[in-house]
1. Tilt of helix 13-25 relative to the longest C-alpha principal axis of the chain, in degrees (0 to 90, nearest 10)?
2. Would you kindly find the accessible area of F320, with a 1.4 Å probe and non-protein molecules such as ligands, DNA and RNA excluded, rounding to the nearest 10 Å²?
3. Among F145, F454, what's the order by accessible area (1.4 angstrom probe), most exposed first?
4. Please label the shape of the range 419-467 as rounded, prolate or oblate, based on the square roots a ≥ b ≥ c of the eigenvalues of the alpha-carbon gyration tensor (a/c under 1.5 means rounded; beyond that, a/b larger than b/c means prolate, else oblate).
5. Could you state the number of Å between the C-alpha centres of the range 180-209 and the range 242-264?
6. Shape call for the range 99-224 from the C-alpha gyration tensor, a ≥ b ≥ c root eigenvalues: rounded (a/c under 1.5), prolate (a/b greater than b/c) or oblate?
7. Could you work out the pair-distance distribution P(r) of the chain from its alpha-carbon pairs, with 20 angstrom bin width and percents rounded to whole numbers?
8. Tally Lys and Arg at +1 and Asp and Glu at -1 over the other residues with C-beta under 12 Å from the C-beta of T304: what net charge comes out?
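The values are calculated or read from the model by the stated rules, or taken from the named source; none is laboratory data. Keep in mind that this is a model prediction, so the values were computed, not measured. Every residue, glycine among them, receives a Cβ derived from its backbone with ideal geometry; neighbour counts consider all protein chains shown. Remember, those area values only see protein heavy atoms, side chains included, never the ligands or the DNA or RNA. Shrake-Rupley method; radii C 1.70, N 1.55, O 1.52, S 1.80 Å.
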Amino acid sequence: MNKNNYAEDLTHPIFEIITGAATEIGNPAYVIGGFVRDLIMQRPCTDIDIVTIGNEIELAQKVAKKIGPGVKVTVFRNFKTAMLQYQQYNIEFVGARKESYKFTSRKPDVEPGTLQDDQNRRDFTINALALSLQTDDYGNLIDPFSGIDDIENKTLRTPLNPDTTFSDDPLRMLRGIRFATQLDFEIEQNTWTSIIKNRNRIEIVSGERVTEELNKIILAKTPSKGFKLLESSGLLELILPQLLALKGAEFMEGIGHKDNFYHTLQVLDNLAKKSDNLWLRWAALLHDIGKPATKRFTHENGWTFHGHDYVGSKMIPGIFKKLRLPLNEKMKYVQKMVLMHLRPIALTEEQVTDSAVRRLLFEAGDDIDDLMLLSEADITSKNPNKVRRFLNNFALVRQKLKSVEEADKIRNWQPPISGEIIMDTFGLPPCREIGIIKTAIREAILDGVICNNFEEAFEMMIKEGEKLGFKPIK
Ligand code: CTP
């Protein structure tokens, strides 16, 4: 399967254009990094990195000119890179470089170097592969660290001494765990030992970068793999200690509770099979985050985690802020999912009544389908009878949700009686009582005491107003 020349895979016309431009300038150019890795692994990739032994801006501009008018080169002088977009590709040009790092920063001092220098500075052997774009050896693989064997053996290994690679740029420890998760690779022993040794260096990496990697782990097919590696490397403690706090099972009077860390990872994996929604996956990761703070043991009840849904939802803003996740409606959505994650399960334990389903639909609104997915993913019991019972109940809740939705249109529901109508009817200024009347009407509809229509709601408004001593003015 492995070959030394990939000319037949570099079929897109862009590569010939780059070859032409590099030849005219007289400086060699190579495709390098993730694109080559993905090409060999037959994964789609739209980011192409080109390294040239020369001036990257000159090459980018010549390539742009050859493609035709309207192609704009963006130059990032600070990073000494130039970029352009062509069809579906983002193409980044960089001059081959040597890097030297200071202990306190991820930003290296850069000086021009050879192709080999440039390959040396890369994070993993599988990311240090280059393909020549010169006419005489077009498509030849340049692989000084046997990256191709590492792809074959599904191994992540640093090109140089891992302590150098990770200390230079500690983000690479997370990248390693992310690649292991995304590609289902194993991290080679020395590389792994070095991650454990250098883990505290993660402190110089910005929250945004950490989160970018966490998001990629969460979006992988089996995200649990990444979180187990984060845990065993000691990195989880540094980046998301609240999740680590779920680990372990305590015993009292011979009674243990389940290990909520592994349970959470199972929930996340379950959900990942059903949904690619990043925020729903975050909700799965954080759904039990309030458990350590609410854990109690009593002789009568054993272990309980009462209110962990509420406490957990209150913890979300702090976690999002620390991780530089957006503090907007995405965060509110995750909070809502964490707060409500028990609701569909609780329903299955009692009678699944119309009014309970109506209330659930009202509170979840458009997020009801996501909530059902999360709740279903939360079933990790090993007891097949229990699982079957839960799943049957879920099917029933789903069916009821459908019929209640069709009959009552509760999703995204606006109560039929507004505050203005109440004020107009009784000639009232804005006051507390209006809220009382509105709530009474809403509760009556949700409980199925009255139907969800204007007439019945209006009639009830009159009754409730009269109870409070008001009289209609017309
Ligand atoms: N690289 C590195 N160290 C980093 C980031 C990147 O050595 N901290 C190198 C690797 O050779 C990598 C290349 O720069 O292949 C491009 O980086 P990037 O686009 O971030 O990653 P990819 O490997 O392309 O993978 P992905 O797109 O999945 O992030």
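1. Taking the Cα atoms of the chain, the angle to 13-25 is about 40 degrees.
2. Counting only protein heavy atoms, the figure is 0 Å².
3. On the way: F145 40, F454 90 Å².
If we order F145, F454 from most to least accessible, we get F454, F145.
4. Values: a/c = 2.15, a/b = 1.72, b/c = 1.25.
Prolate is the answer for the range 419-467, as a/c is 1.5 or above and a/b outweighs b/c.
5. 26
6. Working: a/c = 1.82, a/b = 1.24, b/c = 1.46.
Verdict is oblate for the range 99-224.
7. Cα pair-distance distribution for the chain, in percent: 19, 39, 27, 13, 1.
8. Values: positive: K291, K295, R296; negative: E300.
Neighbour charge sum, excluding T304 itself: +2.
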